[in-house]
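Read through the structure below, which is laid out as structure tokens, and then see the notes.
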Amino acid sequence: MGRRLPPLPAIEAFLFAARSSSFRAAAQQLALSPSAFSRRLQTLEAYTGVTLFERSAPPALTEAGRRYYQAIAGRLDEILAATEALRLVPDHQRLRLMSPQSLAMNWLMPRFSSFIDQHPGLDVEIVIGTDLNMLRLGKADVALASGLRDFTGLPSDPMAPLDAVVVAPRILAGGRPPPGSLDELSGYKLLGLEKPADFWTRWLDRAGYAGPHVREPTRYETWGLMYEAAANGFGLTIAVSALANGYLREGRLSPCFDIAVEYNSGYRIAYAGEKTRSHADVRCLSDWLAGEMLQSRDEFRTLM
């Protein structure tokens, strides 16, 4: 009887390619060279006899590739989850917590000593990253991630929603004062993020802005860079709870006017699987993280 199952390494490569911005990025996630990664995709296309990707920049799934992805992605995630369920987190194993760089530097690290003091027996390694495939590959146990990311196949818990307000230093570059009302925004330089690119658009929509067209934001790679640029007078930005508390507390940034909105997406705590999520040490860590985020939001509201 002929072989019926396609080669699983090729299936894995296909799944990562479909979920990544480029073949190179997908290859790096699997610790493969670009040529070795391409050979896996070619193996699957040869096996199926179908072209699965348009060779464009960035590569895109063909119509057949999209149908195939929709058919197998959930099932492969179930296989990964079932495999993870066999792997209990042993007692006293080091937990690997992944966090975006700005959240780690501006929020997690300054307060993590209190967790260590409360739980001296727990060994937690903080890993910088945003790729949730690290959980799927078993390279992280728990992750802090934006609620806008793809959590397919990963259990997760919500943290407190993020409050957001427009901020600036007391004097902008050139000696100009910040705006005193929402209607004045169009006359000012705005500072935003590369990702999410709709950072300002979502805030303006939620605030009910109906004024003149605002300038396209100058975009920064990280929250930390954006806030430092704003604190040095480069323009206006949006402060969100947790990430900007320190800037407000120190007076380096202040609300421009009394309008705050809530980003419902916020952050979530994601887990490598249900077994990981239910482990006592992991629950201890996740409960602490959720509690600290709630306290940060409450402090932010007193600073606005």
For region 221-249: of the residues being aromatic (Phe, Trp, Tyr) and open to solvent by 10 Å² or more (accessible area, probe 1.4 Å), which is nearest to the chain's Cα centre (by Cα)? 223
Keeping to region 124-133, report how many residues are open to solvent by 40 Å² or more (accessible area, probe 1.4 Å) and more than 22 Å from residue 223 (Cα to Cα). 1
Starting from region 64-78, take each residue that is within 12 Å of residue 14 (Cβ to Cβ) and list its partners that are assigned to a helix (DSSP H, G or I), counting only C-beta distances under 6 angstrom and pairs at least six apart or across chains. 69/18; 76/15
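Just checking: which of the strands (runs of 3 or more DSSP E) contained wholly in region 151-267 hold 1 or more residues that are hydrophobic (A, V, I, L, M, F, W, C)? Walk me through how you get there before you give the answer.
On the way: elements: 156-158, 162-168, 191-193, 218-220, 237-240, 254-263.
Qualifying strands (runs of 3 or more DSSP E): 162-168, 191-193, 237-240, 254-263.
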When region 135-145 is checked residue by residue, the ones that are under 16 Å from residue 26 (Cα atoms) and surrounded by 19 or more Cβ atoms within 10 Å (Cβ to Cβ) are 135, 136
For residues in region 147-175 being open to solvent by 60 Å² or more (accessible area, probe 1.4 Å) and of a type in the set (Gly, Ala, Ser), which is farthest from residue 236 (Cα to Cα)? 174
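Which residue out of 120, 110, 161 is farther than 18 Å from residue 30 by Cβ and without any contact (Cβ under 8 Å) to a residue 40 or more places away in the chain?
Numbers: 110 fails: without any contact (Cβ under 8 Å) to a residue 40 or more places away in the chain; 161 fails: without any contact (Cβ under 8 Å) to a residue 40 or more places away in the chain.
Exactly one of 120, 110, 161 is farther than 18 Å from residue 30 by Cβ and without any contact (Cβ under 8 Å) to a residue 40 or more places away in the chain, namely 120.
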Index of the failed condition, residue 32 passing every other in (1) buried (at least 17 other Cβ atoms within 10 Å of the Cβ); (2) in a loop (DSSP other than H, G, I, E, B); (3) modelled with pLDDT of 85 or more: (3)
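Residues to consider are 192, 180, 121; find the one that is open to solvent by 50 Å² or more (accessible area, probe 1.4 Å), out of contact with any Gly (no Cβ under 8 Å at 6 or more places or on another chain) and at pLDDT 90 or above.
Working: 192 fails: open to solvent by 50 Å² or more (accessible area, probe 1.4 Å); 121 fails: at pLDDT 90 or above.
Among 192, 180, 121, only 180 is open to solvent by 50 Å² or more (accessible area, probe 1.4 Å), out of contact with any Gly (no Cβ under 8 Å at 6 or more places or on another chain) and at pLDDT 90 or above.
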Got at least one residue in region 40-52 being among the acidic types (Asp, Glu) and in a strand (DSSP E or B)? no
So, in region 266-296, how many residues would count as being open to solvent by 40 Å² or more (accessible area, probe 1.4 Å) and either under 21 Å from residue 162 (Cα atoms) or among the hydroxyl-bearing types (Ser, Thr, Tyr) (or both)? 5
Number of the exception - residue 263 against (1) modelled with pLDDT under 90; (2) surrounded by 17 or more Cβ atoms within 10 Å (Cβ to Cβ); (3) under 19 Å from residue 180 (Cβ atoms): (3)
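The values are calculated or read from the model by the stated rules, or taken from the named source; none is laboratory data. Since the structure is predicted, the reported quantities are computational estimates derived from the model, not experimental observations. Don't worry about glycine lacking a Cβ; one is built from the backbone with ideal geometry, like all the others, and counts go over all protein chains shown. Calculation scope for accessible area: heavy atoms of the full protein, side chains included, ligands and nucleic acids excluded. Shrake-Rupley method; radii C 1.70, N 1.55, O 1.52, S 1.80 Å.
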